[in-house]
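The values are calculated or read from the model by the stated rules, or taken from the named source; none is laboratory data. Remember, predicted model here, so these are calculated numbers, not experimental data. Every residue, glycine as well, gets a Cβ built from its backbone with ideal geometry; the counts of neighbours run over all protein chains shown. Protein only, heavy atoms only, side chains kept; ligands, DNA and RNA dropped before computing areas. Shrake-Rupley method; radii C 1.70, N 1.55, O 1.52, S 1.80 Å.
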Amino acid sequence: MATYKKRGFKPKNKAEEAQVEEHDSTTAEVFNTLDKGASRTEAWVQKNQNYILGVIGAVAIGVLAYLGYHQFIQKPKEASAANELFYPQQYFDQALASETEKDSLFTLALNGAEGKYGFLDIIEEYSGTKAANLAKYSAGMTYLNLQQYDEAISHLESFSSDDDIMGAMAKGGIGDAFSQLNQPGDALDYYEKAIAHSENEFTTPRFLYKAGVVAMELGEKDKALGYFERIKEDYPNAQEANGVEALIGMAQN
């Protein structure tokens, strides 16, 4: 039996032959265009080789610089700042527990003593570190206790934290400062920010209570009633729940 071997396609007529020639021509044009494009790209790369290498080098240097900065500068700086923060924090804690030397201990916490940094030194010398950010919070609370309310507001506003407790306490501290400055509208605004920051058993009833009291002072009884009722319903075991029924009665009248 004979075996058929297909050696190639042969057009049956002139029409098919023309189609084949047209196809071959089109294919040749495509490859020719690709060749020209590749040549132009190659020429552009050669022409701009120094620029390209410069950009790549700059990116590489930037990455290495960032890694080097983080490893050899930022990390040791963070560790040193955290170590420095320990000393003024001790003065701050002692001040809170003291009955007779509060102001002097708070001042030592701010300014340092015996060659050790205070909160203000850490903020300045270790700017950009986590410890410096925490020092802003502690300095703000220190100024609040020293009744230097403008300074308290300034430092607490510059503090940033996603922490449920500290973030709310900072905003509530600003509210306390505005309240002492007889700016109840601003105080209420920050108490509400403290409430909105997080919901927890410690800060939420605390600032719901303060927000309710200030709202009453501003004549916003409906808003105050909402805050007091929320304490009663959501935080019945909180200290602020004691006597909240009387406040609810006042807000309803």
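In whole Å, how far is the Cα centre of the stretch 215-253 from that of the stretch 103-159?
Computed from Cα coordinates, the inter-centre distance equals 34 Å.
Suppose R0 equals 25 Å. What FRET efficiency, 1/(1 + (r/R0)^6) with r the Cβ-Cβ distance, do Thr100 and Leu181 give to the nearest 0.05?
Rounded to the nearest 0.05, the efficiency is 0.40.
Could you check the spin-label model distance between Glu217 and Gln239? Points 7 Å from the Cα along Cα→Cβ, value in nm.
Result for the modelled spin labels: 1.9 nm.
Estimate the FRET efficiency between Glu157 and Phe202 by the formula 1/(1 + (r/R0)^6), using the beta-carbon distance for r and 25 Å for R0, to the nearest 0.05.
Once the sixth-power term is evaluated, E becomes 0.70.
Taking the Cβ of Asp164 as the centre, find all other residues whose Cβ is under 15 Å away and add up their charges (Lys, Arg: +1; Asp, Glu: -1).
Within the 15 Å Cβ shell, the charges total -1.
Tell me the net charge near Ile174. Cut-off is 10 Å between Cβ atoms, Ile174 excluded, with +1 for each Lys or Arg and -1 for each Asp or Glu.
-2
Within the stretch 179-197, find all residues whose amide N lies under 20 Å from a label point positioned 7 Å from the Cα of Asp164 along Cα-to-beta-carbon.
Under cut-off, by backbone N: 191-197.
With all protein chains present, calculate the accessible area of Phe106 using a 1.4 Å probe and round the result to the nearest 10 Å².
For Phe106, solvent-accessible area is about 0 Å².
Which of the listed residues, Thr107, Asn83, Ala135, is farthest toward the dipole's positive end in the stretch 60-160, when Lys, Arg count +1 and Asp, Glu count -1 at the beta-carbon?
Asn83
Please give the net charge around Ala238, taking every other residue with its beta carbon less than 15 angstrom from that of Ala238, where Lys and Arg add +1 and Asp and Glu add -1.
Result for the neighbourhood of Ala238: -3.
Once Rh for the stretch 163-252 is found with the Kirkwood sum over Cα pairs, what is the Stokes-Einstein diffusion coefficient at 25 °C and 0.890 mPa s, in µm²/s?
194 µm²/s
At q = 0.14, 0.17, 0.19 Å⁻¹, what is the log10 ratio I(q)/I(0) for the stretch 60-160, with the Debye formula run over Cα points and no solvent?
Debye output, listed in q order: -0.54, -0.72, -0.85.
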